[in-house]
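*Asks:* Got a structure here, written out as structure tokens. Questions coming.
Where a number appears in this text, it was derived from the coordinates with a stated rule and is not lab data. Keep in mind the model is a prediction, meaning the values are calculated, not measured. Here the Cβ positions follow ideal geometry from the backbone for every residue, glycine too, while neighbour counts run over all protein chains shown.
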């Protein structure tokens with residue numbers, strides 16, 4: 001069995017069972033445990049699973065699917081119904097209004113930040129991103145100077161991650177960064193559930209003069225165990241009606257601004 005097919009079967013097994021040991025996978029696929037360990041390491045680096053001691057677990061953000069489903073890899077990027085798409089578009093426009101001409105903009109991974117890219121079309125700005133969906137929004141726009149970060153391409157999340165992406169950000173100085181997350185806790189902690197994305201988000205915060213968090217009301221409290229920062233660390237929160245007012249108040253109390261799209 002070639003490595004690509006074997007790794008697909010590993011992901012299918014995890015989609016059903018949630019977790020598996022190296023021994024179980026080796027027996028199921030009739031290969032050595034060392035081969036499985038190498039496969040798990042590669043899949044972990046690509047952000048497609050989480051490597052654990054003795055095995056692996058499915059990524060927390062992954063959705064429940066059936067083995068062999070040809071649409072399996074597209075599920076993480078489904079925006080949702082028309083109402084959700086409309087809200088994200090409104091958030092994108094509100095965020096783009098914060099950008100002045102000729103500024104350098106960092107766009108994080110995620111569906112919401114791709115709507116920021118769409119709203120920036122035709123603007124004389126520089127956009128730096130590892131978000132391939134955002135790149136696609138702007139790739140044919142001559143007005144925008146577009147910089148794509150390097151890294152490992154995760155097809156299922158349309159993103160570039162890993163050490164190359166982090167190293168590229170060390171060479172960047174941006175005016176404003178737009179970040180996404182998977183949750184905002186009641187104490188103001190901004191969290192995510194993708195270990196492979198967290199270091200990139202934190203580097204974006206570090207290299208930008210201003211930071212804008214994109215978090216709809218569904219992200220309050222949302223999910224995630226990896227702390228990225230606090231609401232007190234961002235300059236602006238762009239959200240939607242229904243976000244927990246006691247939580248959003250933590251941003252304004254720290255001197256930030258809350259925009260409800």
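*Asks:* Please report how far the C-alpha centroid of region 184-261 lies from that of region 148-178, rounded to the nearest whole angstrom.
*Replies:* One Cα centre to the other: 19 Å.
*Asks:* If you don't mind, another one. Taking neighbour counts of Cβ atoms within 10 Å as a proxy for exposure, in what order, fewest first, do 4, 201 appear?
*Replies:* 4, 201
*Asks:* Rounding to the nearest 10 and keeping the result within 0 to 90°, find how far the Cα-based axis of helix 82-96 lies from the longest principal axis of the chain.
*Replies:* 50
*Asks:* What percent does the relative contact order of the chain come to when contacts are Cα pairs within less than 8 Å and at least six residues apart?
*Replies:* Computed value for the chain: 14 percent relative contact order.
*Asks:* How large is the translational diffusion coefficient of the chain in µm² per second when you combine the Kirkwood radius over alpha carbon pairs with Stokes-Einstein at 25 °C and 0.890 mPa s?
*Replies:* Rounded, D is 128 µm²/s.
*Asks:* Mind checking the full-extension length gain between residue 257 and residue 241? Use 0.36 nm per residue of separation minus the Cα-Cα distance, one decimal, nm.
*Replies:* Length difference between fully extended and current span is 4.2 nm.
*Asks:* Quick check: the angle from helix 3-17's long axis to the longest principal axis of the chain, C-alpha only, nearest 10 degrees?
*Replies:* Between the helix axis and the principal axis of the chain, the angle is about 80 degrees.
*Asks:* Now a separate question. When the helices in the chain are scored as -39500 (n - 2.57) per DSSP H run of 4 or longer and the sum is shared across all residues, what 222 nm value do you end up with, to the nearest 500 deg cm²/dmol?
*Replies:* Using -39500 (n - 2.57) per qualifying helix, the result is -10500 deg cm²/dmol.
*Asks:* While we're on this one: Which order results if 142, 233 are arranged by neighbouring Cβ count within 10 Å, fewest first?
*Replies:* The order, fewest Cβ neighbours first, is 142, 233.
*Asks:* Helix 198-207 sits at what angle to the longest principal axis of the chain, using alpha carbons and giving 0 to 90 degrees rounded to 10?
*Replies:* 30
*Asks:* Please arrange 135, 178, 115 by counting, for each residue, the other beta carbons lying within 10 Å of its beta carbon, fewest first.
*Replies:* 135, 115, 178
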